[in-house]
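Everything below concerns the one structure shown next.
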Amino acid sequence: MKDILPLIIFTDLDGTLLDSESYSFEDAKQALEIIRKKDIPLIFSTSKSRDETIYYRKLMENNHPFIVENGGGIYIPFNYFNFELSYNRKWNGYIIIELGMPIKKIRELIHKIRDKNGWQIKGFGDMDVEEVMNLTSLPYNQAKLAIVREYDEPAVIHDRDIIPYLRKELLKEKLNLTIGGRFIHIHGDNDKGKAMDKLVRFYKRVNPNIKIIALGDSDNDLPMLKRADIPIVIKRKDGTFLKKDDSSWRISPYPAPKGWACVIEEVLEDLNF
Ligand SMILES: [Mg+2]
């Protein structure tokens, strides 16, 4: 890790850097190249699984830490920071800091709540790859990566009106519900903001003056946007956008991935990067 590190970018993937339907990032390639050349750490912070995130990391030639499953786990490449970190486990060249509840426990609790209340809640753990393909429009190979969950269960629910009641039941079991672009997500006491805090602390040991850009499009991105120096909301395809907390928040002029690229290039220019 180089010493000069005045800026880091945390970004959501689906609907923020990736097209919300086709998952393309074609229109962001140039902006990604600029970021890579300037050595700005670009940190994916997503509800996606580890394997899916690694897939996009490779495609985008990204070598930085990443946050999976709504802040459930932080993956940091071995020796990325030149100081010792405490972590929960190691896997395949990464150290992992776990903030989430193990998926096995989450699924047991969801089944208990579902059966008790007679609600129709179906999580990835109750689906086969074909069903995940249909719900996500992902091709087979990527749906297979998506289904391997560690800390967060994406689920569909027959009736969104029960969400407030479901949320109450989940809270009794120390579970939280987040509404993402396609699914509801059920997870422990983790969110993207808490995971971001952990990582930012490490970066600030390298450079205390770093500025943080964060980009997102959904409710699950709010904890991350609220903590950023420069929060950016990516407009959705239907022209709507996440409610801003503050009028200083930027809104992208287009949806992902073109909106992501435009606003990143604009901000880098404003900051004289
Ligand atoms: Mg999103």
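The values are calculated or read from the model by the stated rules, or taken from the named source; none is laboratory data. As the structure is a prediction and not an experimental result, all values here were calculated from the model. Here the Cβ is made from the backbone with ideal geometry for all residues, glycine too, and neighbour counts use every protein chain on show.
Tell me which of these residue 121 doesn't satisfy, since it passes every other one: (1) β-branched (Val, Ile, Thr); (2) surrounded by fewer than 23 Cβ atoms within 10 Å (Cβ to Cβ); (3) touching an Asp or Glu at 6+ places or on another chain (Cβ under 9 Å); (4) not assigned by TED's automatic domain parsing to the domain that holds residue 251.
With respect to (1) β-branched (Val, Ile, Thr); (2) surrounded by fewer than 23 Cβ atoms within 10 Å (Cβ to Cβ); (3) touching an Asp or Glu at 6+ places or on another chain (Cβ under 9 Å); (4) not assigned by TED's automatic domain parsing to the domain that holds residue 251, residue 121 is out only on (3).
Residues checked against (1) farther than 28 Å from residue 188 by Cα; (2) without any contact (Cβ under 8 Å) to a residue 40 or more places away in the chain; (3) more than 20 Å from the chain's Cα centre (by Cα); (4) within 16 Å of the ligand (Cβ to nearest atom):
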site	(1), (2), (3), (4)
15	no, no, no, yes
23	no, no, no, yes
26	yes, no, no, no
53	no, no, no, yes
64	no, yes, no, no
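Quick one: what pairs do we get from the range 229-245, first residue in contact (Cβ under 8 Å) with a residue 40 or more places away in the chain and under 12 Å from residue 216 (Cα atoms), second part of a loop (DSSP other than H, G, I, E, B) and aliphatic (A, V, I, L, M), C-beta under 6 Å, 6+ apart or different chains?
234/256
Can you tell me how many residues in the range 210-235 are within 13 Å of the ligand (Cβ to nearest atom) and in a strand (DSSP E or B)?
Final tally of qualifying residues: 5.
Looking at 80, 55, 75, can you tell me which residue is out of contact with any helix residue (DSSP H, G or I) (no Cβ under 8 Å at 6 or more places or on another chain) and surrounded by 14 or more Cβ atoms within 10 Å (Cβ to Cβ)? Explain how you work it out, then say what you get.
Values: 55 fails: out of contact with any helix residue (DSSP H, G or I) (no Cβ under 8 Å at 6 or more places or on another chain); 75 fails: out of contact with any helix residue (DSSP H, G or I) (no Cβ under 8 Å at 6 or more places or on another chain).
Unique residue meeting the criteria: 80.
Residue check, residue 69 against (1) of a type in the set (D, E, K, R); (2) free of Cβ contacts under 8 Å to residues at least 40 places away in the same chain; (3) within 27 Å of residue 215 (Cβ to Cβ), all met but one. Which one?
So residue 69 meets the others, but not (2).
Out of 253, 223, 257, 208, I need the residue that is assigned by TED's automatic domain parsing to the domain that holds residue 19 and touching a Cys at 6+ places or on another chain (Cβ under 8 Å). Which one? Give the derivation first.
Values: 223 fails: touching a Cys at 6+ places or on another chain (Cβ under 8 Å); 257 fails: touching a Cys at 6+ places or on another chain (Cβ under 8 Å); 208 fails: touching a Cys at 6+ places or on another chain (Cβ under 8 Å).
That would be 253, the only listed residue that is assigned by TED's automatic domain parsing to the domain that holds residue 19 and touching a Cys at 6+ places or on another chain (Cβ under 8 Å).
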